[in-house]
Amino acid sequence: MGNETADVVVIGGGIIGMATSYYLSKLGLDVVVVEKGEIAGGTSSKCDGNILAIDKEPGFDSQMSLKSQELVTELVKELDEEFEYRAPGSILVCENEEEMVAANAWVEHQKQAGLPFRMLDRNDIKSEWKYMADDIYGGLECATDSTVNPVLFTYALAVTAKRLGVRLKTHTTVTKIRLDANGAVEGVETSSGLIYTKQVVNAAGVWSKHIGQMVGIEVPIEPRKGHILVSSRTKSIGTRKVMEFSYLMSKFGKERKVDEETEKYGVALVFEPTASQNFLIGSSREFVGFQTQINVDVIRCIARRAIRFFPVMKDIPILRSYCGLRPWTPDHLPIVSRVEEVPGFYIAAGHEGDGISLAAITGKVMSELITDQKTTITTDPLRYDRFQKTEV
Amino acid sequence: MMEKQYTDVLIIGAGPAGLAAATNLFESGFKITILDEFPHPGGRLLGQFHEESDGSWWIGRQVASELVEMTKQPNISLQCGVSVYGLKQISEGWEVLSSVGTIETKYLLLATGAAEIPVPLEGWTLPGVMSIGAAQVLTNVHMVKPGDRGIIVGVNVLGLAISRELAVAGVDLAGIVLSPNNLFSGENANPVEAINLLMSLSHLAPSAWMRLGGSLAQKMKMGKWVSTFFPRQGMNVWDIPLLLKTTISSIQGKKSVESVVLADVNSSGQIIAGSEREEKVDFVALAGGLYPLAELAAVAGCSFLYLPELGGNIPLHNEQMKTPLSNLYVAGNITGVEGAQVAMAQGKLAARSIGNDAGLLKNGREKIAEAMDEVHQVRKTATIQFHPGIIAARKRVYEMYDSLQKESLTS
Amino acid sequence: MSKLRIVNHPLIKKGEQKRISFTFNGESLEGLEGEPIAAALLAHGIRILRRHEESGSNRGLYCAIGHCMECRVDVQGKGQVRACLTPIVEGMEVVEGKQLENKITGREAP
């Protein structure tokens with residue numbers, strides 16, 4: 001096996017690795033992607049597909065999403081293949097008065113930050129959603145939220161990156177990251193040979209902790225398991241994303257007024273119609289290691305939650321279900337950063353359920369960091385060393 | 001919600017393996033529940049019959065009736081029309097989620113059988129195109145002909161065996177042709193490969209058409225004989241034209257099947273240009289072969305092995321029919337594609353394993369050895385064989401099981 | 001009865017089955033008690049069980065053992081069922097699976 005060289009080696013062929021590779025190759029860099037399985041074979045194909053600002057905390061988080069949304073509209077034109085992009089907006093619905101009050105505050109915050117949010121009353125909901133339960137109080141909307149097919153999106157990035165010269169090495173495992181005498185990146189050893197490079201991007205998602213250990217750092221990313229159900233083809237229930245307001249509570253680990261099982265599995269309604277006449281139903285959040293077996297109790301719990309909001313779903317068959325592992329970080333923000341103590345080592349991981357949402361901005365920023373350009377957004381809140389600071 | 005039911009042994013699949021297991025377990029006094037998604041018990045037995053070498057007929061439906069009769073015991077509950085959609089390991093066995101509610105069981109036996117490998121080709125979604133197994137079920141189980149005139153696609157054991165059943169029932173067949181030569185067909189589209197596989201099985205199976213194939217093989221050298229000696233217009237096997245130099249290129253019809261386009265092929269399965277012709281039929285039966293129906297083993301969390309000789313991905317198990325998961329057993333075609341008699345012998349063996357593990361079998365080790373021996377004997381003398389490499393492949397499965405068990409003990 | 005019914009099989013004997021009536025797309029038909037919808041319809045020469053939800057193309061029975069899900073029909077009071085596994089009962093109202101609109105792509109129902 002001959003040794004090869006690259007300007008950058010990207011570890012991970014998921015949405016983050018592909019977006020990073022695409023933006024790097026656009027800048028003319030020579031990029032090799034090392035992926036242990038298939039492109040989009042991990043979390044990026046075990047998820048749903050949204051570019052959402054509606055569920056991001058007002059401020060940096062939502063601005064980052066908004067920027068990502070803008071970039072995706074450009075990608076629709078730039079990439080070689082389509083990925084079922086639509087921008088119908090999305091909504092959150094409230095079950096009770098308390099949630100309406102909290103939703104109102106949320107909307108005000110977002111509006112102040114310049115995002116296109118608005119409240120929806122009961123009539124707004126009723127007129128758009130024929131099949132929504134009668135007792136829904138109202139909700140809120142983010143008008144710019146968009147949706148994509150996550151697998152096609154990853155492939156579109158991969159195909160275009162490949163055309164731009166990126167070499168994709170699938171079914172190839174990273175065995176070691178070589179550092180020079182000064183502790184800087186020198187190369188990547190893989191199951192198919194050595195690649196000399198001075199720069200490595202750890203875009204290994206839930207496995208990025210493992211990759212980090214190869215250069216002696218602890219990346220605080222843990223797998224968080226999520227289940228999704230797929231309906232059979234059916235009459236249209238709705239045309240855009242709906243989540244329950246208390247999804248935000250579940251996402252940020254706050255207390256909710258739900259039954260024990262719903263709480264235990266972190267179940268909250270996420271409804272996403274697809275172009276294939278079916279819809280996806282989520283979601284759950286559990287820390288159970290790397291185990292990805294379907295748990296029927298969770299499936300039942302998700303289905304029950306969905307039926308609470310859409311009683312009509314009681315009669316719609318489930319086609320299948322799947323699980324994915326979301327790369328969780330302690331503060332719910334990804335790490336998009338240099339690692340100062342290992343020159344040439346970068347991390348682009350830890351997006352939990354926002355990988356599809358934030359892939360474009362992550363890839364763009366990562367390409368800017370590597371080429372020492374001013375970044376599109378500030379990256380301070382995304383720095384790797386933020387975790388070290390809090391520990392001291 | 002429906003109330004939870006309890007049972008000692010739950011068997012999924014009321015085919016030859018499942019029914020045989022139940023009938024060999026009822027004396028244990030266990031409470032036994034058998035579930036099957038099909039409305040009638042018997043599984044594939046219901047549609048099968050073939051002629052034995054002495055000229056007598058083996059009729060699966062009769063075998064099924066006898067087995068069902070034997071399950072009429074106070075401690076056996078046979079429930080048909082029930083779908084199982086989930087399995088969960090619990091501390092004392094398994095929880096089985098079904099369309100009649102949750103059933104908790106100590107021992108679980110998966111005897112789900114096999115399903116058919118699809119054969120995609122142009123026009124295959126038209127009504128009237130079906131798997132060969134569907135043609136068998138319609139004809140021999142529901143007793144409705146699949147159509148007025150049909151064609152069989154796929155020269156393999158299953159295709160030939162069911163063709164004969166259809167002919168006996170009076171179904172008009174235009175012939176048996178090779179699988180379409182496309183991305184999905186692999187060796188099935190190659191006439192030399194197809195006939196070689198049949199020949200390699202013929203010495204094992206002295207039934208009528210196997211004998212025919214065998215004697216031809218003696219006369220002619222294997223391999224290229226098809227292209228040199230086999231008549232292009234085919235030759236009749238029980239009055240069905242066997243067209244070894246003909247393939248199907250598409251299925252035609254506006255609302256449902258009206259005709260197929262056939263073409264001649266050379267010895268490597270490539271279509272000879274200009275040989276295309278239309279044949280009027282109103283149904284097409286696609287014989288792509290069988291694969292073990294093992295989704296539930298995957299749901300249970302079983303590890304799998306891929307062995308083409310056994311039909312594809314099979315759940316890991318040992319010769320006693322045990323999987324690495326505690327109290328989970330397998331029997332029948334889920335362990336590899338073979339005939340119904342082998343499945344029945346495996347069902348009996350699984351029953352003995354369960355009885356022994358429960359401490360209810362006297363001289364357990366001997367009884368299990370005896371049942372294993374019976375499986376070997378039945379396999380050796382089976383009329384219909386599916387693959388020449390079955391015995392070696394099974395041995396590899398058992399070795400893999402043993403080595404993995406050793407590994408988990410030492411780690 | 002229909003010409004596709006096998007009445008005198010040389011090897012297989014089935015017990016007497018009661019004739020019952022059911023409807024398909026509103027048309028009243030006769031079938032045998034206990035046989036699945038797909039068999040009862042085929043005995044009348046009816047092969048088209050549904051139109052594909054997206055393309056509208058005709059679909060029929062494929063595997064006959066409940067595995068492929070191609071034979072989905074609607075039964076009054078039961079919702080979507082597999083025609084190959086669901087036995088007919090007296091008075092059952094069966095309707096073919098229909099092509100549906102696709103509001104995401106904007107394709108309208110026929």
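The values are calculated or read from the model by the stated rules, or taken from the named source; none is laboratory data. Computed from a predicted structure; not experimentally measured. All Cβ positions, even for glycine, are placed from backbone atoms using ideal geometry, and neighbour counts span all protein chains on display.
Only one of the numbered conditions (1) away from chain C (no Cβ under 14 Å); (2) under 30 Å from C:A109 (Cβ atoms); (3) among the aliphatic types (A, V, I, L, M) is violated by A:I217, and that is (2). Evaluating B:C302 against the criteria (1) in a loop (DSSP other than H, G, I, E, B); (2) of a type outside the set (G, A, S); (3) out of contact with any Pro (no Cβ under 7 Å at 6 or more places or on another chain) leaves one unmet condition, (3). Can you confirm whether B:L78 is closer than 22 Å to B:I314 by Cβ, assigned to a strand (DSSP E or B), away from chain C (no Cβ under 14 Å) and under 24 Å from the mean Cα position of the chain (by Cα)? No; evaluated as a whole, the condition is false for this residue.
Which one of these does B:N188 not meet: (1) over 24 Å from B:I272 (Cα atoms); (2) modelled with pLDDT under 75; (3) crowded, with 21+ Cβ neighbours inside 10 Å? All conditions pass for B:N188, except number (1). Report whether or not A:V296 is closer than 30 Å to B:L87 by Cβ, of a type in the set (A, V, I, L, M) and without any contact (Cβ under 8 Å) to a residue 60 or more places away in the chain. Yes, satisfied.
When A:A105, A:A156, A:A161, A:A113 are screened for being under 23 Å from A:F252 (Cα atoms) and under 23 Å from the mean Cα position of the chain (by Cα), only A:A113 passes. Selection over the range A:82-97 of residues that are among the hydrophobic types (A, V, I, L, M, F, W, C) and not in a loop (DSSP other than H, G, I, E, B) gives a count of 4.
Determine which member of the set A:L75, A:L29 is part of a loop (DSSP other than H, G, I, E, B) and more than 23 Å from A:L325 (Cβ to Cβ). Spell out the reasoning first.
Details: A:L75 fails: part of a loop (DSSP other than H, G, I, E, B).
One residue alone meets the criteria, A:L29.
Go through A:G216, A:G253 for me and flag whichever is surrounded by fewer than 16 Cβ atoms within 10 Å (Cβ to Cβ), assigned to a loop (DSSP other than H, G, I, E, B) and at pLDDT 95 or above. Let's see the steps before the verdict.
Numbers: A:G253 fails: at pLDDT 95 or above.
The match here is A:G216.
Against the condition surrounded by 18 or more Cβ atoms within 10 Å (Cβ to Cβ) and facing another protein chain (nearest Cβ under 9 Å), how does C:R5 come out, does it pass? Taking the combined requirement at face value, the residue does not satisfy it.
Do we have C:C68 as facing another protein chain (nearest Cβ under 9 Å), over 11 Å from the mean Cα position of the chain (by Cα) and free of Cβ contacts under 8 Å to residues at least 12 places away in the same chain here? So C:C68 fits the description; yes. Scanning the range C:71-96 for residues that are surrounded by 16 or more Cβ atoms within 10 Å (Cβ to Cβ) and at the interface with chain A (Cβ under 9 Å from one of its Cβ atoms) yields C:R72, C:Q80. Of note, A:V267 satisfies the criterion of being away from chain C (no Cβ under 14 Å), within 23 Å of the chain's Cα centre (by Cα) and over 30 Å from A:T5 (Cα atoms).
Within the range B:306-317, restricting attention to residues that are surrounded by fewer than 19 Cβ atoms within 10 Å (Cβ to Cβ) and modelled with pLDDT of 95 or more, the residue that is farthest from A:Y322 (Cα to Cα) is B:Y306. Within the range B:4-12, is there a residue that is modelled with pLDDT under 95 and aromatic (F, W, Y)? Within the range B:4-12, none of the residues are modelled with pLDDT under 95 and aromatic (F, W, Y).
What residue, among those in the range A:274-297 that are over 18 Å from the mean Cα position of the chain (by Cα) and in a strand (DSSP E or B), is nearest to the other protein chains (Cβ to nearest Cβ)? That would be A:F279.
Conditions (1) closer than 21 Å to B:L349 by Cβ; (2) assigned to a helix (DSSP H, G or I), marked per residue:
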| position | (1), (2) |
| --- | --- |
| B:M2 | no, no |
| B:I11 | yes, no |
| B:A17 | yes, yes |
| B:F38 | no, no |
| B:P41 | yes, no |
| B:L46 | no, yes |
| B:H50 | no, no |
| B:G55 | no, no |
| B:E66 | yes, yes |
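Quick check on the range B:134-144. Is at least one of its residues more than 19 Å from B:I240 (Cβ to Cβ), at pLDDT 95 or above, part of a loop (DSSP other than H, G, I, E, B) and assigned by TED's automatic domain parsing to the domain that holds B:A273? Yes, the range B:134-144 contains a residue that is more than 19 Å from B:I240 (Cβ to Cβ), at pLDDT 95 or above, part of a loop (DSSP other than H, G, I, E, B) and assigned by TED's automatic domain parsing to the domain that holds B:A273.
Applying the selection to the range B:36-91, what residues are buried (at least 17 other Cβ atoms within 10 Å of the Cβ), without any contact (Cβ under 8 Å) to a residue 24 or more places away in the chain and not charged (D, E, K, R)? Answer for the range B:36-91, where residues must be buried (at least 17 other Cβ atoms within 10 Å of the Cβ), without any contact (Cβ under 8 Å) to a residue 24 or more places away in the chain and not charged (D, E, K, R): just B:I59.
May I ask you to list the residues in the range C:53-62 that are within 9 Å of chain B (Cβ to nearest Cβ) and surrounded by 17 or more Cβ atoms within 10 Å (Cβ to Cβ)? C:N58, C:R59, C:G60, C:L61, C:Y62 - these are the residues of the range C:53-62 that are within 9 Å of chain B (Cβ to nearest Cβ) and surrounded by 17 or more Cβ atoms within 10 Å (Cβ to Cβ).
Screening A:M100 against (1) assigned to a loop (DSSP other than H, G, I, E, B); (2) touching a Cys at 6+ places or on another chain (Cβ under 8 Å) leaves a single unmet condition, (1). Within the option set A:S276, A:S284, being of a type outside the set (D, E, K, R) and closer than 25 Å to A:D135 by Cα holds for one residue only, A:S284. One residue is enough: does the range B:352-368 have a residue meeting the conditions in the same structural domain as B:T323 (by TED's automatic domain parsing), loosely packed, with under 14 Cβ neighbours inside 10 Å, without any contact (Cβ under 8 Å) to a residue 60 or more places away in the chain and of a type in the set (D, E)? Among the residues of the range B:352-368, at least one is in the same structural domain as B:T323 (by TED's automatic domain parsing), loosely packed, with under 14 Cβ neighbours inside 10 Å, without any contact (Cβ under 8 Å) to a residue 60 or more places away in the chain and of a type in the set (D, E), which makes the answer yes.
A:M100 passes every criterion in (1) under 25 Å from A:L280 (Cβ atoms); (2) among the aliphatic types (A, V, I, L, M); (3) in contact with a strand residue (DSSP E or B) (Cβ under 6 Å, 6 or more places away or on another chain) apart from (1).
Restricting attention to the range A:225-250, report how many residues are within 20 Å of the chain's Cα centre (by Cα) and either surrounded by fewer than 20 Cβ atoms within 10 Å (Cβ to Cβ) or part of a loop (DSSP other than H, G, I, E, B) (or both). Adding up the residues that qualify gives 4. If only residues of the range B:43-75 that are under 18 Å from the mean Cα position of the chain (by Cα) and among the aliphatic types (A, V, I, L, M) are counted, the one that is nearest to the other protein chains (Cβ to nearest Cβ) is B:I59.
Residues checked against (1) more than 10 Å from every other protein chain (Cβ to nearest Cβ); (2) crowded, with 24+ Cβ neighbours inside 10 Å:
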{"site": "B:G133", "(1), (2)": "no, yes"}
{"site": "B:H142", "(1), (2)": "no, yes"}
{"site": "B:D148", "(1), (2)": "no, no"}
{"site": "B:A161", "(1), (2)": "yes, no"}
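Taken over the range B:81-94, residues that are more than 13 Å from every other protein chain (Cβ to nearest Cβ) and part of a strand (DSSP E or B) amount to 1. Pairs linking a residue in the range B:270-296 that is on the phi > 0 side of the Ramachandran plot and in contact (Cβ under 8 Å) with a residue 60 or more places away in the chain to a residue that is of a type outside the set (A, V, I, L, M) and not in a strand (DSSP E or B), with Cβ atoms under 7 Å and 6 or more positions apart or on different chains, are B:G289/B:N156.
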